1. Testing the spin-label approximation: label points 7 Å from Cα along Cα→Cβ at Phe116 and Ala168. State their distance in nm.
2. Excluding ligands, DNA and RNA, what is the solvent-accessible area per residue of region 120-184 at a probe of 1.4 Å, expressed in Å²?
3. Tell me, what is a quarter of the convex hull surface for the C-alpha atoms of region 144-220, in nm² with one decimal?
4. Considering only the other residues whose Cβ falls under 12 Å of the Cβ of Leu120, what net charge follows from Lys and Arg at +1 and Asp and Glu at -1?
5. At what distance in angstrom do the alpha carbon centres of region 182-229 and region 127-173 lie from each other?
Amino acid sequence: MPRAITGRHRAECQRSGGLRALATGTIAAGLVAAPALTSPASAHSTYTVQSGDTLSSIAQNVGSTWRDLYTANRDVISSPALIYPGQTLRTSGGSARQAAPTSSDGGGSAAHATGFTQKLLAEASQLEGVPYVYGGSTPSGFDCSGFTQYVFAQAGKSIPRTSSEQAAAATPVSGDDLRPGDLIFYSPGGSVSHVAIYAGDGMVWEAPASGGQVRYAPIWDVARSYGRF
């Protein structure tokens, strides 16, 4: 039987709808900018990932979108948040080469993700485009905390159902110690009303609000805290 939706959870989901207008395209401060290409993008069929790169920054440099790059390199990228220095990506044809994962500077880099976190982010990426459904907790539709709970369960870890319960149960971490796989709890009104999975490099996987879909997006520039399971 579907889980009954409590008044508290109903209010949480309704509040999340108002947060969409607060989202910004600004990536979290402190990220390293990707190096500029030395020649026009049209002259290159591949790009070698550098320390500090994100799929979005590479896409901007080569005149593409992160989604197009991800689609063109699905054979070597398990998640848009998991790229590694030394990895060669297709940008306008050619072939791609899988490099061994290596560490990069910055605790918030997706290149640090291993084991459970890699599985978690890969599971989240497989659900991109699933519609937001009020009270949803299955691949037919998710609300914000239904999405995070489901993804953690698929990766092998049980967490509570609502965003406020998840925030209370998680081990608090600071923004300086934020790592891929951590949860970001948004509380612009003073209490937790939305949750997302940190994907690294200032990006999250989230089920944003009514009318939206599971997406890979920048961290919202609103009051927030962080937790780890």
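The values are calculated or read from the model by the stated rules, or taken from the named source; none is laboratory data. Since the model is a prediction, treat every value here as computed from it, not as a measurement. Here the Cβ is made from the backbone with ideal geometry for all residues, glycine too, and neighbour counts use every protein chain on show. In case anyone asks, the SASA skips ligands and DNA or RNA and just uses the protein heavy atoms, side chains included. Shrake-Rupley method; radii C 1.70, N 1.55, O 1.52, S 1.80 Å.
1. According to this spin-label approximation, the distance is 2.2 nm.
2. I get 37 Å² per residue for this part.
3. Averaged projected area of region 144-220's Cα convex hull equals 5.1 nm².
4. For residues surrounding Leu120, the net value is +2.
5. Cα centroid to Cα centroid, the span is 11 Å.
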